[in-house]
Amino acid sequence: MSPDDSTRRGPRSSVAIADASTRGGPSRLLGIGAYRPRREVPNAEIIEAIDSTDEWIRTRSGITSRRFAGPDETVAAMSIAASKQAMDDAGVSAGELDCVIVATISHLLQTPAVAAQVAAELGATPAAAFDVSAACAGFCYGVAMAADMVRAGSARHVLVIGVEKLSDITDPHDRSTAFIFADGAGAAVVGPADEPGIGPVVWGSEGERFDLIRQETYWPVDGFGTEDDDPENSKPTHLLRMEGNSVFRWASFEMPKVAQRALDAAGVTAADLDAFVPHQANMRITDTMARQLKLPDHVAIARDIAEQGNTSGASVPLALRRLMDDGETRSGDLALLIGFGAGLVYAAQVVRMP
Ligand code: UT7
């Protein structure tokens, strides 16, 4: 034993550390909010730049129109608007929030986290605040972490936001992404409950397939760059690229299995569900998953993509809010959530509707 080892072994203080988990317990979604950008963009506005048709986009993706945010509809502004509705819905004030999590891939600053700005503008300081980069699974990742925080006693109320301004990083001339990606924000307040209202998360990653959905280059250090020096003929390099058909096949084949594992983990069956709220990636993926899971007719299926497009991290809470607004779900209903996308990453859980 070296002299160094002898000084490192054995505690000098034997005082026990207090266990935060004695303060924690089950959690549930207490409220949901949404913000949909003002500008509605029909397929007709997209098709010329990608040599497509309204019919092709409708039949291949289920999208008829999407929302694009304007300059004042920033990632922070959309997050705040969605959060205010979620907090009203939950009856939870900013001062009661212990943590703010923002799931996004389109906040164009690596640091600081937009979550801190959102917390401050909501008046939620000094809540803990951080961003999560898990693309279209980001909101479900956030809900899983929030549930664990409430259970472990490190937070009582957590605000989870999914927000994207994908129009900033989508190439309007790219045939596989221009018609699909869109903008918006959704938010949920997670807080204490008498009975578990958020089931165990089934989550994971397949990083060997990281290149199926990706930005082409690292963020440039001197602003957004172009592939060559001729601005007329060059194309920006920070934009999203997607091997659409490979992602489509992965999602259609693998994600129903993940969804089934989330049902099993929660101890419920497809027949027990009232709603199915998958990431709004493509209507055909949603239909395939519903078939594979053998969802009975009474289960409401989220189809927010039709008029909202694919908003990555925002799509699950936006779809949840629409089901509530359309009267397709009631408080206490059982819903299966699943997010999946760039990474590749995924997460699914069963929740009770607020
Ligand atoms: O949110 C993150 C996760 N993302 C997803 O889950 C998205 C998954 N992928 C998809 O949703 C689909 O792959 C797309 C909707 C993006 C594309 O649909 P697809 O059925 O996979 O089309 P494809 O790429 O296999 O192309 C089929 C045909 C091709 O023509 P040929 O070779 O059959 O003659 C393409 O050239 O459609 C053609 N095509 C288009 N035609 C009109 C491809 N893009 C377009 C377009 N407009 N925009």
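Just one of the numbered conditions (1) more than 27 Å from C140 (Cα to Cα); (2) assigned by TED's automatic domain parsing to the domain that holds T170; (3) of a type in the set (G, A, S) is not true of A82: (1).
Looking at R284, R330, R303, can you tell me which residue is open to solvent by 10 Å² or more (accessible area, probe 1.4 Å), outside any helix (DSSP H, G or I) and within 16 Å of the ligand (Cβ to nearest atom)?
Details: R284 fails: outside any helix (DSSP H, G or I); R330 fails: within 16 Å of the ligand (Cβ to nearest atom).
Step by step, each of R284, R330, R303 is checked, and only R303 is open to solvent by 10 Å² or more (accessible area, probe 1.4 Å), outside any helix (DSSP H, G or I) and within 16 Å of the ligand (Cβ to nearest atom).
For the stretch 117-129, which residues satisfy the criterion of being part of a helix (DSSP H, G or I) and open to solvent by 50 Å² or more (accessible area, probe 1.4 Å)?
Q117, A120, E121
Pick out the one residue from A182, A188, A144, A178 that is within 12 Å of the ligand (Cβ to nearest atom) and within 17 Å of the chain's Cα centre (by Cα).
Working: A188 fails: within 12 Å of the ligand (Cβ to nearest atom); A144 fails: within 12 Å of the ligand (Cβ to nearest atom); A178 fails: within 17 Å of the chain's Cα centre (by Cα).
Among A182, A188, A144, A178, only A182 is within 12 Å of the ligand (Cβ to nearest atom) and within 17 Å of the chain's Cα centre (by Cα).
Specify which of the listed residues (G162, G138) is within 16 Å of the ligand (Cβ to nearest atom), touching a helix residue (DSSP H, G or I) at 6+ places or on another chain (Cβ under 8 Å) and in a strand (DSSP E or B). When all the criteria are applied, what remains is G162. A124 meets the conditions (1) at pLDDT 95 or above; (2) within 16 Å of the ligand (Cβ to nearest atom) in every case but one. The failed one is (2).
On the basis of being of a type outside the set (K, R) and not in a strand (DSSP E or B), does E73 make the cut? So E73 passes the test.
Take the residues of the stretch 50-76 that are of a type in the set (A, V, I, L, M, F, W, C) and in contact (Cβ under 8 Å) with a residue 24 or more places away in the chain: which is nearest to the ligand (Cβ to nearest atom)?
First, pick out the residues of the stretch 50-76 that are of a type in the set (A, V, I, L, M, F, W, C): 50, 56-57, 63, 68-69, 75-76.
Imposing the further condition that a residue be in contact (Cβ under 8 Å) with a residue 24 or more places away in the chain reduces the set to 50, 57, 63, 68-69, 75-76.
Working: I50: 5, I57: 7, I63: 9, F68: 17, A69: 18, V75: 17, A76: 22 Å.
Residue satisfying both the conditions and the ranking: I50.
Answer yes or no as to whether S79 is over 24 Å from V351 (Cα atoms), among the hydroxyl-bearing types (S, T, Y) and buried (at least 19 other Cβ atoms within 10 Å of the Cβ). Answer is no for this residue.
The values are calculated or read from the model by the stated rules, or taken from the named source; none is laboratory data. None of the values given here were measured: they were computed from a predicted structure. As a convention, Cβ positions derive from the backbone with ideal geometry for all residues, glycine included, and neighbour counts pool all protein chains shown. With ligands, DNA and RNA removed, areas are computed over all heavy atoms of the protein, side chains included. Shrake-Rupley method; radii C 1.70, N 1.55, O 1.52, S 1.80 Å.
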